[in-house]
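Only the coordinates and a few stated rules stand behind these numbers; no lab work does. These numbers come from a predicted model, not from an experiment. For neighbour counting, all protein chains shown are included, and Cβ atoms are generated from backbone atoms with ideal geometry for every residue, glycine included.
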Amino acid sequence: MELFTTLKREDLKRLFDNFYQYRDKVLQFRDYTKQVFEVPKADPDTFRKVSGFFADKNHVYRECLQDDSPVNTIVNAYGHRMNNPEAKWQIVIVDGLDGKSFNYIQDKYDTVYWKDKNGIYIRKDGDLKALENVDPKSFQYLNFLYGKDDQHIYYEDQILPIDVNDYSLDQWGFIKDRFRIFHYDFEIGLDPQTFQVEYYNLIKQPIILLDKNGKYEYTRSIQNDSKIIKQES
């Protein structure tokens, strides 16, 4: 394994950020962890950043800890969590993706979905996970982490049982068809035909919802602790 610790950045061609070309290789200089390492099999002429990942004409890459690395964050003497300067990082190839066609969908800085010529992907535990049963050619990002193709509505990598040909998505992230309502990954068990949002503030909950049967208090932080309670008349 070639060592690059004696190299100086000023003697190399800078590609972008902390990536440099050395001969026919791409190197990353990580000052905080005092590392210099090669991006495996990377092509310097086409190597690029793609919204949290990297790609060249042949491959897609992701950052991750080495197998024998310490944890990536620690708690300092003041009780604050900080990046661990002893962590050991690497950049690895994401198998099975097409680097040439790899790109983000719609939002460069708040990306939910990525794509290549073969599929649509989300970030899962730092890696890229392919959506199942998706049509890449018709897929588009909606908003609020939802996407759709010609057949399905997606919340990240989940297919929601919402009619893709007859749905609505409101300003608060409630998506519904004639039969069901979802708020992100949580099903709202109210009547879709008469559903209304009376009050919405994620910071000052509960959210107040209405349908033909009454008024409801809706609270959520994550899907597992979401709940709806009907108010007393």
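Do you know the relative contact order of segment 132-233, to the nearest whole percent, from alpha carbon pairs under 8 angstrom that are 6+ apart?
The value is 12 percent.
Once you keep just the Cα pairs under 8 angstrom separated by 6 or more residues, what percentage relative contact order results for segment 1-85?
Computed value for segment 1-85: 15 percent relative contact order.
Through the Karplus equation 6.51 cos²θ - 1.76 cosθ + 1.60, θ set to phi - 60°, convert the phi angles of segment 95-100 into ³J(HN,Hα) values in whole Hz; use x for Gly and Pro.
Rounded to whole hertz, the list is 5, x, 9, 9, x, 4.
Less than 14 Å Cβ to Cβ from Q231, Lys/Arg counted +1 and Asp/Glu -1: what total charge do the surrounding residues give?
Details: positive: K215, K227, K230; negative: E198, D211, E217, E232.
Around Q231, the surrounding residues sum to -1.
Using Cα pairs under 8 angstrom and six or more residues apart, how large is the relative contact order of the chain, in percent?
Worked out over the chain, it gives 8 percent.
Find, among the GluC sites (Glu not before Pro) in segment 131-233, those assigned to loop by DSSP (not H, G, I, E, B) with at most 12 other beta-carbon atoms within 10 angstrom.
Within segment 131-233, the qualifying GluC sites (Glu not before Pro) (loop, at most 12 other Cβ atoms within 10 Å) are E132, E232.
Find out how many positive minus negative residues lie around L209, taking Lys and Arg as positive, Asp and Glu as negative, among other residues whose Cβ is under 11 Å from that of L209.
Working: positive: K215, K230; negative: D191, E198, D211, E217.
Combined, the nearby Lys, Arg, Asp and Glu give -2.
Decide, for segment 112-174, between rounded, prolate and oblate: order the square roots of the alpha carbon gyration tensor eigenvalues as a ≥ b ≥ c, take rounded if a/c falls under 1.5, and otherwise choose prolate if a/b is larger than b/c, else oblate.
Judged from the Cα gyration tensor, segment 112-174 comes out oblate (a/c at least 1.5, b/c at or above a/b).
Counting other Cβ atoms within 10 Å, which trypsin sites (Lys or Arg not before Pro) in segment 88-191 have at most 12 and lie in a DSSP loop? Write down the numbers at each step before the final one.
On the way: sites: K88, K100, K108, K115, K117, R123, K124, K129, K137, K148, K176, R178, R180; in loops: K88, K100, K108, K117, K137, R178, R180.
Passing both the DSSP loop test and the Cβ count: K108, K117, K137, R178.
Please list 3J(HN,Hα) in residue order for segment 4-13, calculated via the Karplus relation 6.51 cos²θ - 1.76 cosθ + 1.60 where θ = phi - 60°; whole Hz, with x for glycine and proline.
10, 5, 8, 6, 10, 4, 5, 8, 10, 7
Using the charge dipole of segment 72-158 (Lys, Arg: +1 at Cβ; Asp, Glu: -1 at Cβ; taken about the Cα centre), state which of Y109, A130, Q151 has its Cα farthest towards the positive end.
Farthest towards the positive end: Y109.
Can you classify segment 12-158 as rounded, prolate or oblate using the Cα gyration tensor, where a ≥ b ≥ c are the square roots of its eigenvalues, rounded means a/c under 1.5, and otherwise it's prolate if a/b beats b/c and oblate if not?
Oblate.
Can you classify segment 74-233 as rounded, prolate or oblate using the Cα gyration tensor, where a ≥ b ≥ c are the square roots of its eigenvalues, rounded means a/c under 1.5, and otherwise it's prolate if a/b beats b/c and oblate if not?
Values: a/c = 3.15, a/b = 1.33, b/c = 2.36.
Oblate, because a/c is 1.5 or more while a/b does not exceed b/c.
Quick one: among Y78, Y22, Y146, which has the greatest mean-square fluctuation in a GNM of the chain with alpha-carbon springs under 10 angstrom?
Between Y78, Y22, Y146, it is Y78 that shows the largest mean-square fluctuation.
For segment 28-89, which GluC sites (Glu not before Pro) pass both filters: DSSP loop (anything but H, G, I, E, B) and at most 16 other C-beta atoms within 10 Å? Each step should come with its number before you reach the end.
Values: sites: E38, E63, E86; in loops: E86.
Answer by residue number: E86.
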